[in-house]
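J.: This structure is in structure tokens; I'll ask about it shortly.
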Amino acid sequence: MAQASARPIAPAKGRLGVLTVGLGAVATTFMAGVENIRRGTSKPIGSLTQMGTIRLGKRTEARAPLIRDFVPLADLKDLVFGAWDPVPDTAYESCLHCGVLDRHEHVEPIADFLKAIRPMPAVFDRNYVKRLEGTNVKTGRTKRELAEALRKDIREFKAAQKCDRLVIVWCASTEIFISPGPTHQTLEAFEKAMDANDPSIAPSMLYAWAAIMEGVPFANGAPNLCCDVPALEKLAAEKGVAIGGKDFKTGQTMIKTVLAPMFKSRMLGVAGWYSTNILGNRDGEVLDDPESFKTKEESKLGVLEYILQPQVYPELYGNIFHKVRINYYPPRGDNKEGWDNIDIFGWLGYPMQIKVDFLCRDSILAAPLVLDLAIFFDLAQRAKMGGIQEWLSFYFKSPQVAPGLYPEHDLFIQQTKLKNTLRWLMGEAQVTHLGVEYYEYGEK
Ligand SMILES: NC(=O)c1ccc[n+]([C@@H]2O[C@H](COP(=O)([O-])OP(=O)(O)OC[C@H]3O[C@@H](n4cnc5c(N)ncnc54)[C@H](O)[C@@H]3O)[C@@H](O)[C@H]2O)c1
């Protein structure tokens, strides 16, 4: 039974252009994956928008449609792709270079599709990503000029591809660590800093500014400071553009945000958590630079603090030794190994250990997240939900939230938040998991 009234949502008609900043391992695995799925040769495993269901009403009602049958989402057949990258390789060449997908099974059969995706010249500056060289790069006197060139790209892509709507997902390398400063506080200061080529304005912020100015939703899949600064948050809210991030929650952190709530819910203590990774892709090479690693480290370290609340439970979590390491190890390519050693303690303080060794595939985990984010950001935009998309925290290591709020990191709280937002959008009752209505407890 519908409860509140549904929110008006513009229909998902016409083509949805998905522009990725970066055409590396994650972006090409996403695009090639969608095309293989469209041609019927693969399944969208890992994608909530394509495979997930949502329970509606009471458990006795047995209503659990597919999410894509419940909310009006863009159809995979209507997606068209574009990208920017300082490396001029087409999506086909990039796929082969990254080596994530099997060449004969998933790349060659769609070679025509991948060869047609040529990256537009990027706004790229080596000062922000030290381990990369780029030749396919825009030139301009000021950062404002570069950002204006991005706006032009966005408009031209939309017209050339006959798109009805666009969405942009940052899938580019992790930039160096930047702390929010005075130039990030107001739009006026931000735009002045663009004109003055201030170093506090990173390329990623120029893409975010350009997207918001063009009314295009923008999601940040990397941990660098980007659309999560007050100037851009205010601009997005004013212009009614959906924004959010940051840092796709794929491997080790996904596991961390499942295990840590388990310890806390059972009041088990944690003495130490040592997390290390080996990976050999270009992302690993970029993260081998200490300044890019610091950005990633902050994003990975934050989650335990928020979930375990050491200030509330000092005896259990007040003294955790938490360490995160990423080691560049070329032989593994995109197949990352994430090790966790967790020292916990239980009743009367007796110690125990848990070891997790996740032999994962980074881009295989990230690709369905790019798809879901593109599709849900487009939904948010059609539902006129401008500004920060906290309900999509589920996808991020460091979810962006309104000023003054702390982020929810627990994966299952995030999932509930996401599904309840979909119910709210469609005017369905919230699922609270209370359940007393199924029992007769007698008079009070
Ligand atoms: N794979 C995962 O599980 C995962 C999880 C969380 C975050 N991420 C982040 O996603 C991003 C992409 O990862 P990847 O494995 O595809 O890396 P990648 O190195 O294969 O691809 C990144 C691409 O971005 C390009 N690039 C760099 N700066 C750019 C700029 N200013 N404009 C346009 N393009 C630019 C690079 O040339 C490269 O082709 C990284 O920041 C990574 O940290 C990945």
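J.: From the list A236, A222, pick out the single residue that is in contact with a Phe, Trp or Tyr (Cβ under 9 Å, 6 or more places away or on another chain), modelled with pLDDT of 95 or more and within 12 Å of the ligand (Cβ to nearest atom).
T.: The unique qualifying residue is A222.
J.: What's the number of the condition A116 fails, among (1) free of Cβ contacts under 8 Å to residues at least 60 places away in the same chain; (2) away from the ligand (no atom under 16 Å from the Cβ); (3) closer than 30 Å to P403 by Cα?
T.: (3)
J.: In this structure, is P399 part of a loop (DSSP other than H, G, I, E, B), within 16 Å of the ligand (Cβ to nearest atom), in contact (Cβ under 8 Å) with a residue 12 or more places away in the chain and surrounded by 23 or more Cβ atoms within 10 Å (Cβ to Cβ)?
T.: The answer is yes for P399.
J.: Contact list please: Cβ distance under 9 Å, first residue in the range 363-377 and farther than 12 Å from F396 by Cβ, second residue away from the ligand (no atom under 14 Å from the Cβ) and of a type in the set (D, E, K, R), pairs at least six apart or on different chains.
T.: From the range 363-377, the pairs are I375/R68.
J.: Please indicate, with yes or no, whether at least one residue in the range 173-190 is within 16 Å of the ligand (Cβ to nearest atom), in contact with a Ser or Thr (Cβ under 7 Å, 6 or more places away or on another chain) and aromatic (F, W, Y).
T.: Yes, some residue in the range 173-190 is within 16 Å of the ligand (Cβ to nearest atom), in contact with a Ser or Thr (Cβ under 7 Å, 6 or more places away or on another chain) and aromatic (F, W, Y).
J.: Please state which of the following conditions E93 fails to meet, knowing it meets all the rest: (1) within 13 Å of the ligand (Cβ to nearest atom); (2) in contact (Cβ under 8 Å) with a residue 60 or more places away in the chain; (3) not in a loop (DSSP other than H, G, I, E, B); (4) not aliphatic (A, V, I, L, M).
T.: If we test E93 against (1) within 13 Å of the ligand (Cβ to nearest atom); (2) in contact (Cβ under 8 Å) with a residue 60 or more places away in the chain; (3) not in a loop (DSSP other than H, G, I, E, B); (4) not aliphatic (A, V, I, L, M), just (2) comes out false.
J.: With the range 1-70 as the region, which helices (runs of 4 or more DSSP H) entirely inside it contain at least 2 residues that are farther than 27 Å from A83 by Cβ?
T.: So the answer is 67-70.
J.: Any idea which residue in the range 119-128 is nearest to the ligand (Cβ to nearest atom), counting only those that are farther than 14 Å from D89 by Cα and touching a residue at least 12 places away in the same chain (Cβ under 8 Å)?
T.: The extreme case among them is F124.
J.: Answer yes if at least one residue in the range 256-263 is within 14 Å of the ligand (Cβ to nearest atom) and either of a type in the set (A, V, I, L, M) or out of contact with any strand residue (DSSP E or B) (no Cβ under 7 Å at 6 or more places or on another chain) (or both), and no otherwise.
T.: yes
The values are calculated or read from the model by the stated rules, or taken from the named source; none is laboratory data. Just so you know, these numbers come straight off a predicted model, no measurement behind them. No Cβ is skipped: glycine too gets one built from the backbone with ideal geometry, and neighbour counts run over all protein chains shown.
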